[in-house]
Amino acid sequence: MSLVVVAATAISASAQNAEGTPHLQKQGAATQLIVDGQPYLALAGELTNNAATSLPMMEPIWPKVVAANLNTVLVGVAWGQFEPEEGKFNYTQVDGVIAKARENHLHIVFLWFGAWKNGTSSYPPYWVKKDYIRFPRIQVDNGSTVSVSGPVETLSALGDATRDADAAAFAALMRHIKEVDGSTHTVIMMQVENEVGVLRDSRDRSPAANRAFAGPVPAELMNYLESHKDSLISEFRQVWADNGYRKSGTWEQVFGSGKPVDLKIPIQTTTPPMSAFEHEVSWRELHWPSDEIFMAWNYARYVEALAKAGKAAYDIPMYVNAWLQQPNHAWPGTYPSGGPLPQVHDVWRAGAPDIDILSPDLYVPYFDELCERFTRGGNPLFIPETGTSAANVVMAVGKYNTIGFSPFGIDGNRPIPPELAAAYQMLEQMSPVILAHQGTDSITAVRMLQGAQPKQVRLGDYTLTFTYTGRNQRVPPQAKGGVEVPSAMRQFMQVPEDRPSLEAAAVVVSTAPNEYYFGGGGMRVDFTPNTPGPQNAGLGVVEQGRFVDGKWEVTRWIAGDDDAQGEILVLHPDSIVRVQVYRFP
Ligand code: DGJ
């Protein structure tokens, strides 16, 4: 291990190329990540937590992610390994990862595992862990019936020395990244900490936290609420409204009661004992709001100190990630209380203005709903952790303007699903068209499960009706309007009954009047004009193809048997199709 002080030898020392430096830029309703002057779509994967702590162990990971068409990898940096002695930094892992990423034409997002990872504190250095006076821990009190009460080995967000040490290390990391990567831009974004928040109680009950909780809500937060009153997240504003929109007061006066200290916290919030209705709604609500809001403010202030110090060294986009509230973990403390969850986004915006993105770790089966909740108030979407669903990445990109999508544990033992690799290839190819239209009303995405009712989408001058056909099907057995397809043709087209039920998804872009590009599928599309003029639509040109250096290249013309003699457009999974339609009376 080579230990070097801050002024370490760089891989290639160079001045920062301010123009090409990764940054965020608005385009309509979307926020895009700009890398080297161009919008960038991160088709990513996050490595397991400790993968990059050993460069030799990383060797088989690089070809695996390249083969699955990833263009970006999210990689953890452990504070304990990075700063084993206070003020002495070890850049070996970071340099090694950057070098291998370049060799493999990949971009990197580094995850700073500082004071917290999954709400707890397993990544700080030994010199931090063993000094519990200088670096205070949280205290919890779960009521007399729960075994865990008192101090917990989790650092408190109200520890100023912890914050300063964490921020100094993070700033050293950013300084180094600028030195070695300021002109190359392999590193495109930073995650600050990981899934912060208090577990096992709704708030920190250490002496410093209790003192702050009994004091007034800071003026900075109150001023933010006043000046953003009309645009606050609705469930958060409701909490403030329920307490009379007070302009000042203690946390409990302004935001309502916290958890009574002797109340046992439910670890699982399941049905039974909850009613089905309560189970369904409780994970979308604030409980003991002042506790969660108080913690959100304190984590936001702590993280802001890191982001500010980091950006002063090297200013690239920074985000935080949230462990989500969910049906069986609906009360704060069963998920990390104070993390950047949608109901406290306003608190994070007020407390951490240098954090650009509040991100969901999106494992719950309410993908679209959470994309919507995480894009309220103009929050850019970046999904640093999720599963490997190909349909989800298509939706996130086409409908919710995501900057990136990143299944967790991509280096793990299991193979990367071929459907995801194919979706990544399709999206990468289409990215010039997608990125040119993101944030406008000329792009969307549609998903369907087998058996779903057809879906209608207005896009451009047509209403598009999508009907599920399945991943392997070519042309469905029925022609437009329910007319039977001749039996010889049907035999050729039909799909065995035992075909597994799969989700179909496609992104669609209206690029010009009468012109559409589709990526992905497993669906049939019918066009109906929605503007004055002849009210029937025909398939004028159907091309399968690919984008090469941003230019459309036709690989196959589609007509005859492949579109039921010009009557039916079937989108095949993972392929890209350009369609020109026309009207007739
Ligand atoms: C969420 C965390 O952020 C990750 O680091 C990892 O622990 C996963 N959970 C494991 O599912």
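The values are calculated or read from the model by the stated rules, or taken from the named source; none is laboratory data. Because the structure is predicted, anything quoted here is derived from the model rather than measured. Positions of Cβ are generated from backbone atoms using ideal geometry, with glycine treated the same way; all protein chains shown enter the neighbour counts. SASA here: full protein model, heavy atoms, side chains in, ligands and nucleic acids out. Shrake-Rupley method; radii C 1.70, N 1.55, O 1.52, S 1.80 Å.
When you check K64 against the structure, is it open to solvent by 20 Å² or more (accessible area, probe 1.4 Å), in a helix (DSSP H, G or I), in contact with a helix residue (DSSP H, G or I) (Cβ under 8 Å, 6 or more places away or on another chain) and basic (K, R), yes or no?
Working: open to solvent by 20 Å² or more (accessible area, probe 1.4 Å): yes; in a helix (DSSP H, G or I): yes; in contact with a helix residue (DSSP H, G or I) (Cβ under 8 Å, 6 or more places away or on another chain): no; basic (K, R): yes.
Here the answer is no, as K64 does not meet what is asked.
(1) touching a helix residue (DSSP H, G or I) at 6+ places or on another chain (Cβ under 6 Å); (2) in a loop (DSSP other than H, G, I, E, B); (3) more than 13 Å from the ligand (Cβ to nearest atom): which one isn't true of H105, the others all being true?
Among (1) touching a helix residue (DSSP H, G or I) at 6+ places or on another chain (Cβ under 6 Å); (2) in a loop (DSSP other than H, G, I, E, B); (3) more than 13 Å from the ligand (Cβ to nearest atom), the lone unmet condition for H105 is (1).
Just to be sure before I move on: is A99 more than 30 Å from I443 (Cα to Cα), within 16 Å of the ligand (Cβ to nearest atom) and part of a helix (DSSP H, G or I) in the structure I sent? Write out each step before concluding.
On the way: more than 30 Å from I443 (Cα to Cα): yes; within 16 Å of the ligand (Cβ to nearest atom): no; part of a helix (DSSP H, G or I): yes.
Here the answer is no, as A99 does not meet what is asked.
Any idea which of (1) over 23 Å from P207 (Cα atoms); (2) touching a Gly at 6+ places or on another chain (Cβ under 6 Å); (3) charged (D, E, K, R) is the one K88 doesn't satisfy?
(2)
Yes or no: S122 open to solvent by 10 Å² or more (accessible area, probe 1.4 Å) and within 16 Å of the ligand (Cβ to nearest atom)?
On the way: open to solvent by 10 Å² or more (accessible area, probe 1.4 Å): yes; within 16 Å of the ligand (Cβ to nearest atom): yes.
Considered against the rule, which asks whether it is open to solvent by 10 Å² or more (accessible area, probe 1.4 Å) and within 16 Å of the ligand (Cβ to nearest atom), S122 comes out as yes.
What number of residues within segment 398-424 satisfy the criterion of being touching an Asp or Glu at 6+ places or on another chain (Cβ under 8 Å), assigned to a loop (DSSP other than H, G, I, E, B) and within 16 Å of K64 (Cβ to Cβ)?
2
Scan segment 369-385 residue by residue and report those that are closer than 14 Å to L324 by Cα and in contact (Cβ under 8 Å) with a residue 40 or more places away in the chain.
Listed by number, the residues that qualify are L370, P384, E385.
When M295 is evaluated against the numbered criteria (1) at pLDDT 95 or above; (2) open to solvent by 70 Å² or more (accessible area, probe 1.4 Å), which criterion, by number, is the only one it fails?
With respect to (1) at pLDDT 95 or above; (2) open to solvent by 70 Å² or more (accessible area, probe 1.4 Å), M295 is out only on (2).
Among (1) open to solvent by 60 Å² or more (accessible area, probe 1.4 Å); (2) over 30 Å from A78 (Cα atoms); (3) not acidic (D, E), where does R175 come up short?
Single failed check for R175: (2).
If I ask for residues that are closer than 16 Å to V344 by Cβ, of a type in the set (D, E, K, R) and either touching a Phe, Trp or Tyr at 6+ places or on another chain (Cβ under 8 Å) or part of a loop (DSSP other than H, G, I, E, B) (or both), which ones from segment 199-221 would you list?
The answer is R203, D204.
Could you please tell me which pairs satisfy a Cβ distance under 7 Å, a separation of 6+ or placement on different chains, a first residue in segment 307-333 that is within 16 Å of the ligand (Cβ to nearest atom) and part of a loop (DSSP other than H, G, I, E, B), and a second residue that is open to solvent by less than 10 Å² (accessible area, probe 1.4 Å) and hydroxyl-bearing (S, T, Y)?
L324/Y335; Q325/Y335; N328/T269
Tally the residues that are part of a strand (DSSP E or B) and surrounded by fewer than 21 Cβ atoms within 10 Å (Cβ to Cβ), restricting the search to segment 372-397. Steps first, answer last, please.
Restricting attention to segment 372-397, the residues satisfying the condition of being part of a strand (DSSP E or B) are 383-386.
Subset that is surrounded by fewer than 21 Cβ atoms within 10 Å (Cβ to Cβ): none.
Total satisfying the criteria: 0.
Each row is one residue, and each column tells you yes or no for (1) more than 11 Å from the chain's Cα centre (by Cα); (2) within 16 Å of the ligand (Cβ to nearest atom).
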position: P380; (1), (2): no, no
position: A391; (1), (2): yes, no
position: A396; (1), (2): no, no
position: G412; (1), (2): yes, yes
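Identify all residues within segment 133-165 that are open to solvent by 50 Å² or more (accessible area, probe 1.4 Å) and either modelled with pLDDT of 95 or more or under 16 Å from V303 (Cβ atoms) (or both); write none if there are none.
Within segment 133-165, the first condition is being open to solvent by 50 Å² or more (accessible area, probe 1.4 Å), and the residues that meet it are 133-134, 139, 141, 144-145, 147, 149, 151, 153, 160, 163-164.
Scanning segment 133-165 gives I133, R134, D160, R163, D164.
Under 7 Å by Cβ, and 6 or more places apart or on different chains, what pairs join a residue from segment 199-213 that is open to solvent by 40 Å² or more (accessible area, probe 1.4 Å) with one that is β-branched (V, I, T)?
Listed by first residue and then by second, the contacts come to R200/V140; R200/V148; R200/V152.
Those residues that are more than 16 Å from the ligand (Cβ to nearest atom), open to solvent by 30 Å² or more (accessible area, probe 1.4 Å) and not aliphatic (A, V, I, L, M), I need them from segment 67-94; list them, please. Lay out the reasoning, then the answer.
At the first step, the residues of segment 67-94 found to be more than 16 Å from the ligand (Cβ to nearest atom) are 67-72, 82-94.
From what's left, open to solvent by 30 Å² or more (accessible area, probe 1.4 Å): 67, 69, 84-88, 92-93.
Result: N69, P84, E85, E86, G87, K88, T92, Q93.
Filter segment 38-61 down to residues that are under 16 Å from the mean Cα position of the chain (by Cα) and in a loop (DSSP other than H, G, I, E, B), then give me how many there are.
Step one: list which residues in segment 38-61 are under 16 Å from the mean Cα position of the chain (by Cα), which gives 40-47.
Checking the rest, the ones that are also in a loop (DSSP other than H, G, I, E, B) come to 41, 47.
Count: 2.
Considering every residue within segment 414-426, establish whether at least one is open to solvent by 40 Å² or more (accessible area, probe 1.4 Å) and within 16 Å of the ligand (Cβ to nearest atom). Please lay out each step first, then the result.
Here is the first cut: in segment 414-426, the ones open to solvent by 40 Å² or more (accessible area, probe 1.4 Å) are 414-415, 418-419, 425.
Subset that is within 16 Å of the ligand (Cβ to nearest atom): 414.
So far as segment 414-426 goes, yes, one or more of its residues are open to solvent by 40 Å² or more (accessible area, probe 1.4 Å) and within 16 Å of the ligand (Cβ to nearest atom).
Read through the list (1) at pLDDT 95 or above; (2) closer than 20 Å to Q453 by Cβ; (3) surrounded by fewer than 17 Cβ atoms within 10 Å (Cβ to Cβ), then give the number of the only condition that P534 fails.
The failed condition is (2).
Take the conditions touching a Ser or Thr at 6+ places or on another chain (Cβ under 8 Å), more than 16 Å from the ligand (Cβ to nearest atom) and charged (D, E, K, R) and apply them to E278. Does it pass? Can you show your working first?
On the way: touching a Ser or Thr at 6+ places or on another chain (Cβ under 8 Å): yes; more than 16 Å from the ligand (Cβ to nearest atom): yes; charged (D, E, K, R): yes.
In short, yes.
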